[in-house]
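Let me give you the structure first, and then I'll get to my questions.
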Amino acid sequence: MVKLQEVTLSTWAIDRFAPLLGEDRLHQMKVFGEASAKRLAGRAFWHVNSTARGGGVAEILQSLLCYARGLGIDARWLVIEGTAPFFQLTKRLHHALHGAPGDGSPLGAAERATYEQVLAYNARAMLEQVRPGDVVLLHDPQTAGLAPALLQHGATVAWRCHVGADHTNADTELAWSFLQPYLRDVPATVFSRRAYIPAALDGRRAAVVAPSIDPFSAKNQRLDDSCVRAILVHIGLIEGPAGDAEPVYRAEDGSHARVTRKAEIVRSGRPPAWNTPLVVQVSRWDPLKDPVGVMRGFAAQLTGADPLDAHLVLAGPNVAAVTDDPEGAVVFQDSIAAWQQFPDRVRDRIHLVSLPMTDREENAAMVNALQRHAAVILQKSLREGFGLTVTEAMWKARPVIGSATGGIQDQIEDRVHGLLLDDPHDLPSYGAAIRRLLRDSALAARLGERARERARDELLTLRELTQYLEVVARIDPMEAR
């Protein structure tokens with residue numbers, strides 16, 4: 001029997017956004033949100049995905065739904081269960097939607113049977129909680145197969161795909177061929193970019209909604225320099241002393257919480273000193289994030305007549321804690337194997353960091369401190385759905401180097417909000433971009449400030465919530481009565 005996890009949600013007022021958005025803009029959002037709550041009165045607004053922690057979708061939902069509840073909407077969050085074969089094939093779908101082969105495993109009749117069997121169990125459990133007339137927003141390929149049962153049950157259903165490819169190929173066609181039968185009757189689909197809407201779906205029913213960040217979350221809230229230092233010294237990332245400050249952050253309930261756990265770090269030398277420039281990439285352990293390429297391109301800048309005086313940090317979640325990504329452990333071990341091949345003087349300056357996931361907010365505070373301390377933040381993805389780590393860096397006014405792929409190119413205008421890599425495989429150009437930002441502090445500061453302005457104006461939570469409610473208003477049959 002499947003017992004779905006319903007994530008506990010708080011209720012947060014949106015008034016805290018007034019200093020960022022201005023009173024007029026906030027008032028417009030509040031009026032629309034409260035009108036949406038009236039339309040949905042007596043009905044729940046469900047969001048369904050495959051994990052409650054790890055990855056951008058879970059982070060978005062954790063904040064977005066709390067603000068929805070603050071507007072009077074009965075927002076709820078369910079997490080489906082799956083087997084190891086199910087998550088292996090949905091990871092294959094994830095890669096294929098990016099236009100990549102992943103492990104190259106088939107997506108045929110046997111895989112479809114596995115997919116449908118797992119989701120049939122989940123659907124039966126879900127229909128005990130979802131009522132006819134409720135609105136359900138399904139997230140990503142793991143949940144698409146739930147749509148037919150929910151529609152037949154009388155729910156209003158939309159499907160949200162957070163990943164995609166700028167160009168179609170055999171892998172994208174294979175993925176959409178697999179998913180399309182489950183989405184045929186869904187009245188609305190949502191994508192992060194216009195280019196991601198496939199020919200297999202009716203583009204007239206598709207909306208484009210970019211992801212967002214919550215500026216008040218543990219990952220994005222303001223931390224002063226002394227607190228950043230205390231957190232990074234405590235978790236073992238940089239060398240002490242920590243100073244008089246405590247490694248604390250503001251929790252969702254408003255209390256002050258303390259970072260108590262430490263990171264697991266693969267390194268051969270001493271931790272970097274506080275004043276050592278850090279080049280940082282934070283992401284899942286995923287081959288599309290190209291951790292090996294990130295190391296190799298950086299390593300090339302440590303040799304020669306003018307070596308960089310900097311360290312590289314590759315940070316990601318403890319792989320045992322992310323249940324819907326069976327590939328993570330393999331990629332992490334491959335990263336360690338590649339790191340071991342570098343000479344001692346290079347290994348001493350590259351740190352592979354696994355951040356504990358036991359406490360979601362504590363993990364977020366660690367990432368926050370690391371990003372705020374970084375001299376340069378990278379997202380050298382080979383392919384990328386959107387890239388919320390770029391958004392996070394922009395909000396913190398850090399200079400960013402990102403690949404010109406997927407949603408990264410929507411966030412960054414080259415040499416205005418950061419530096420874009422036309423070809424993420426071009427390691428010399430990537431290395432030169434790192435060198436440029438580390439050597440030109442004025443440029444780094446200018447890019448960071450412009451990036452923060454764009455993040456504030458376009459990439460915060462309430463904008464995404466408003467757009468979702470607009471999609472619901474467009475498809476909700478109850479509104480027409």
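The values are calculated or read from the model by the stated rules, or taken from the named source; none is laboratory data. Note that the coordinates shown come from a computational prediction; the quantities given were computed from them, not determined experimentally. Cβ placement follows ideal geometry from the backbone for every residue including glycine, while neighbour counts extend to all protein chains displayed. Surface accessibility is based on the protein's heavy atoms, side chains included, excluding ligands, DNA and RNA. Shrake-Rupley method; radii C 1.70, N 1.55, O 1.52, S 1.80 Å.
To keep it simple, each residue is scored yes or no on (1) of a type in the set (Val, Ile, Thr); (2) at pLDDT below 95; (3) touching a Gly at 6+ places or on another chain (Cβ under 6 Å); (4) not in a helix (DSSP H, G or I).
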| site | (1), (2), (3), (4) |
| --- | --- |
| Leu201 | no, yes, no, yes |
| Ala207 | no, no, no, yes |
| Lys219 | no, no, no, yes |
| Arg222 | no, no, no, yes |
| Val228 | yes, no, no, no |
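Can you name the number of the only condition in (1) open to solvent by 10 Å² or more (accessible area, probe 1.4 Å); (2) in contact with a helix residue (DSSP H, G or I) (Cβ under 8 Å, 6 or more places away or on another chain); (3) assigned to a loop (DSSP other than H, G, I, E, B) that Arg435 fails?
Of (1) open to solvent by 10 Å² or more (accessible area, probe 1.4 Å); (2) in contact with a helix residue (DSSP H, G or I) (Cβ under 8 Å, 6 or more places away or on another chain); (3) assigned to a loop (DSSP other than H, G, I, E, B), only one is false for Arg435: (3).
Evaluate segment 404-424: report whether one residue or more is under 23 Å from Val228 (Cα atoms) and of a type in the set (Ser, Thr, Tyr).
No - not one qualifying residue is present in segment 404-424.
Consider only pairs whose beta carbons are under 8 Å apart and that are at least six residues apart or on different chains; among these, list those whose first residue lies in segment 19-34 and is closer than 9 Å to Leu71 by Cα and open to solvent by 60 Å² or more (accessible area, probe 1.4 Å) and whose second residue is hydrophobic (A, V, I, L, M, F, W, C) and modelled with pLDDT of 95 or more.
Glu34/Leu71
Please enumerate the residues belonging to segment 108-146 that are open to solvent by 60 Å² or more (accessible area, probe 1.4 Å), in contact (Cβ under 8 Å) with a residue 60 or more places away in the chain and either touching a strand residue (DSSP E or B) at 6+ places or on another chain (Cβ under 6 Å) or under 23 Å from Arg43 (Cβ atoms) (or both).
If the condition is that a residue be open to solvent by 60 Å² or more (accessible area, probe 1.4 Å), in contact (Cβ under 8 Å) with a residue 60 or more places away in the chain and either touching a strand residue (DSSP E or B) at 6+ places or on another chain (Cβ under 6 Å) or under 23 Å from Arg43 (Cβ atoms) (or both), then Arg124, Gln129, Arg131 are the ones that fit.
Quick test of your reading of the structure: Met478 fulfils all but one of (1) open to solvent by 10 Å² or more (accessible area, probe 1.4 Å); (2) closer than 26 Å to Ile197 by Cβ. Name the failing condition by number.
All conditions are met except number (2).
Residues in segment 409-432: is at least one more than 30 Å from Ala337 (Cβ to Cβ), assigned to a helix (DSSP H, G or I) and in contact with a helix residue (DSSP H, G or I) (Cβ under 8 Å, 6 or more places away or on another chain)?
There is at least one residue in segment 409-432 that is more than 30 Å from Ala337 (Cβ to Cβ), assigned to a helix (DSSP H, G or I) and in contact with a helix residue (DSSP H, G or I) (Cβ under 8 Å, 6 or more places away or on another chain).
Of these, Ser441, Ser429, which one is surrounded by fewer than 24 Cβ atoms within 10 Å (Cβ to Cβ), more than 30 Å from Ala100 (Cβ to Cβ) and hydroxyl-bearing (Ser, Thr, Tyr)? Before you say what the answer is, go through the steps one by one.
On the way: Ser429 fails: more than 30 Å from Ala100 (Cβ to Cβ).
Only one candidate passes the filter, namely Ser441.
On to the next question. Taking segment 75-93 as the region of interest, how many residues are in contact (Cβ under 8 Å) with a residue 24 or more places away in the chain and open to solvent by less than 50 Å² (accessible area, probe 1.4 Å)? Let's see the steps before the verdict.
Start the filter on segment 75-93 by keeping residues that are in contact (Cβ under 8 Å) with a residue 24 or more places away in the chain, which leaves 75-91, 93.
Now drop any that are not open to solvent by less than 50 Å² (accessible area, probe 1.4 Å), which leaves 75, 77-80, 82, 86-87, 89-91, 93.
Summing the residues that are in contact (Cβ under 8 Å) with a residue 24 or more places away in the chain and open to solvent by less than 50 Å² (accessible area, probe 1.4 Å) in segment 75-93 gives 12.
Taking segment 333-392, which residues are buried (at least 21 other Cβ atoms within 10 Å of the Cβ) and among the polar types (S, T, N, Q)?
Of everything in segment 333-392, those that are buried (at least 21 other Cβ atoms within 10 Å of the Cβ) and among the polar types (S, T, N, Q) turn out to be Ser335, Asn363, Asn368, Gln371, Gln379, Ser381, Thr389, Thr391.
Let me confirm something: among Arg69, Arg53, which residue is open to solvent by 70 Å² or more (accessible area, probe 1.4 Å), closer than 30 Å to Met357 by Cα and modelled with pLDDT of 95 or more?
On the way: Arg53 fails: modelled with pLDDT of 95 or more.
After ruling out the rest, the residue left standing is Arg69.
What is the one condition in (1) farther than 29 Å from Arg436 by Cα; (2) of a type in the set (Val, Ile, Thr); (3) touching a His at 6+ places or on another chain (Cβ under 7 Å) that Val313 does not satisfy?
Answer for Val313: the failing condition is (1).
If I filter segment 166-216 down to residues being charged (D, E, K, R), surrounded by fewer than 20 Cβ atoms within 10 Å (Cβ to Cβ) and more than 22 Å from the chain's Cα centre (by Cα), which single residue comes out as farthest from Leu462 (Cα to Cα)?
Glu173
Pro326 fails exactly one of the following numbered conditions: (1) closer than 26 Å to Phe386 by Cβ; (2) surrounded by 21 or more Cβ atoms within 10 Å (Cβ to Cβ). What is the number of that condition?
Of everything listed in (1) closer than 26 Å to Phe386 by Cβ; (2) surrounded by 21 or more Cβ atoms within 10 Å (Cβ to Cβ), Pro326 misses just condition (2).
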